[in-house]
Every structure is written in C-alpha cells, then in structure tokens.
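Q: My questions all concern the structure below.
Derivation of every value follows stated rules applied to the coordinates shown; laboratory data play no part. Just so we're clear, the structure is a prediction, and the values are computed from it rather than from any experiment. Positions of Cβ are backbone-derived with ideal geometry, glycine not excepted, and every protein chain shown enters the neighbour counts.
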Amino acid sequence: MIIKQAEFVISNTNIDKCPAPNMPEYAFIGRSNVGKSSLINMLTGRKKLAKISVKPGKTQLINHFIINENWYLVDLPGYGYAKASKTSKEKWQKFINRYIDNRENLVCLFVLIDSRLEPQKIDLEFIETLGKKQIPFVLVYTKTDKLNKINLSNNIEIFRNTMLEKWEELPKEFITSSEKVVGKDDILNYIDELNKFYYKKE
Ligand code: GTP
Ligand code: MG
C-alpha cells in the first residue's frame, strides 16, 4: 500500500468525540516508550505526524490520523508508566477500556512489545484481557535494531513460549524497527488486506 495522504484529525479522551466510525481503524497500544508514535511515523513516512519523546508518557490522548481518506490510524497513550500517579493510571484504564470495548470500527489492535526485554507482566496481563474480551490483536516487536539477530530470535522465542502457557495459538506478529524502517510493508500490506475485507463486508 502506498501512503498518499496522512493527516492528524483530532485528540481526545472521550470516545464520543472520536471521528464518526465510518472507516476501518487500527490502534497502536503498548507500554509507555515502546515506540508507538515512532512506528506511526515510520509507517506513514511522516517524521512529525505523531509526537515522539525520549521520556515515557508523551502521548496522553487518543490521537486519530486519517490515511488515504480511507482508514484511521490511532496513537494511544502507553500503559505502565511508573511515574504516573494512581489517579492518572486509573483514568487511563477507564478511557482506554471504553475505547477498546466500544469502538465499533476498530478492526485490529496492534500491541507493541519491546523486543529487548524479557516478557513483561504488564504486557502479558493486557494481552490476556484482550483475549477475554475477544478483541482482535496482533503483536509488534519494536526496536529490533538494538539487538543482534541471535538475541532477537531468542527473545521472541521466549515471548512466544510464555504466551503458549496461556494461549493455544499464537497471534500474528510483526518484527519492526522504526529507526531502520523494518516491517513497514508487512504491516501496511496486512492493513490493506483487512481494509479490503472491511469494505467488502459493508
Ligand atoms: P509514549 O507516547 O510515551 O507512550 O511512548 P511511545 O510508545 O509513543 O514511544 P515513542 O515513539 O515516543 O518512542 C520512545 C523512544 O524510543 C524515542 O526516543 C524513540 O526515538 C525511541 N524509538 C522508537 N522506536 C525505535 C526503534 O525502532 N529503534 C530505536 N533504536 N529507537 C526507537
Ligand atoms: Mg507516543
């Protein structure tokens, strides 16, 4: 898929104020600082579309971007930011859950996993809630440029095995680096396929 157009639409914490749910939508979620905003910029080829920060907790709102006048990409705030206050964590949970549970045009959630780390409890717990709610999702390993091949495949293997303790089947997965532009075509082609399916169904 070629990205001809990518524009910011709106930011908010209220799903009632999100754009009308009349196009397929894909949201990026994961721990704070895992690289959600960077991945959105890498996929769209727009360096400054989503705001990036070296400090965790940069993205605080639900941010909608419209792509090719045809589908939405959504940048969500991260979870697990240690320095966030308890009330802001609770607020996060509330509005993110409302978004995930109610957004009718949300076709697939992209759950980002930092490829450098051993499986994190908070990621596994979040993935488990998606399973319980039967929300379609895929896994995206990020920052793979920071590892050599052997360490990367070891870490992915460990993550898969941990998943298999709870899941019968593994979800689809993507290996990415926003820094080195890895995984772009795979993700865009996958979205393209899902878009075709979405519009055929309508
Ligand atoms: P929050 O909005 O705070 O939840 O963070 P986020 O998940 O949107 O992360 P963001 O894209 O802001 O990136 C966080 C940091 O990781 C930045 O310093 C990025 O430059 C860096 N980063 C993101 N992706 C990559 C990558 O593929 N490779 C490397 N080396 N660094 C990356
Ligand atoms: Mg962000």
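Q: Using modelled backbone amide H atoms (1.01 Å from N, in-plane), which distant-in-sequence or interchain residues come within less than 5 Å of Ile10's amide H?
A: Distant-sequence amide H within range of Ile10: His64.
Q: Past 18 Å, Cα to Cα, is the threshold; run Lys55/Lys94; Lys149/Lys180; Lys36/Lys86; Lys133/Lys200; Lys17/Lys94 against it and keep the listed order.
A: Lys55/Lys94; Lys36/Lys86; Lys133/Lys200
Q: How much of the DSSP beta bridge set in the chain is antiparallel, as a percent to the nearest 5?
A: Close to 40 percent.
Q: Calculate one ³J(HN,Hα) per residue across the range 131-143 by plugging θ = phi - 60° into the Karplus curve 6.51 cos²θ - 1.76 cosθ + 1.60, and present them in order as whole Hz with x for glycine and proline.
A: Each residue's phi maps through the Karplus curve to give x, 4, 8, 6, 8, x, 8, 10, 9, 10, 7, 10, 6 Hz.
Q: Same structure again: Take every Cα pair under 8 Å in the chain that's 6+ residues apart, average their separations, divide by the length, and report that relative contact order as a whole percent.
A: In percent, rounded to a whole number, it is 23.
Q: Give the Cα extents of the chain along the principal axes, in whole Å, largest first.
A: On the principal axes, the chain reaches 42, 40, 35 Å in Cα extent.
Q: Just to be sure I understand the model, the point goes 7 Å from the Cα along the line to the Cβ. What's the resulting Asn105 to Leu117 distance in nm?
A: Between Asn105 and Leu117, the simple spin-label model gives 3.2 nm.
Q: Quick one: which residues, 5+ away or cross-chain, put their amide H under 5 Å from the amide H of Phe137? H built at 1.01 Å from N.
A: So Phe137 has HN proximity to Leu109.
Q: Hey, what do the phi angles of the range 113-118 turn into as Karplus ³J(HN,Hα) couplings, whole Hz, using 6.51/-1.76/1.60 and θ = phi - 60°, x for Gly and Pro?
A: 10, 6, 5, 7, 9, 5
Q: Compute the length gained on full extension between Lys132 and Leu170: take 0.36 nm times their separation in residues and subtract their Cα-Cα distance, giving the result in nm to one decimal.
A: Net length gain for the segment: 12.2 nm.
Q: Per the Debye formula with a single identical scatterer at each Cα and no solvent contribution, what log10 I(q)/I(0) holds for the range 3-49 at q = 0.16 Å⁻¹?
A: Log10 I(q)/I(0), no solvent term: -0.56.
Q: Okay, next question. Starting with the highest mean, order 13-24, 164-175 by the number of other Cβ atoms within 10 Å, averaged over the residues of each peptide.
A: The densest-packed peptide leads the list: 13-24, 164-175.
Q: While we're here: I'd like the Karplus ³J(HN,Hα) series for the range 156-161: coefficients 6.51, -1.76, 1.60, θ = phi - 60°, whole numbers in Hz, and an x wherever there's a Gly or Pro.
A: Taking θ as phi minus 60°, the curve returns 5, 4, 5, 5, 4, 5 Hz for the range 156-161.
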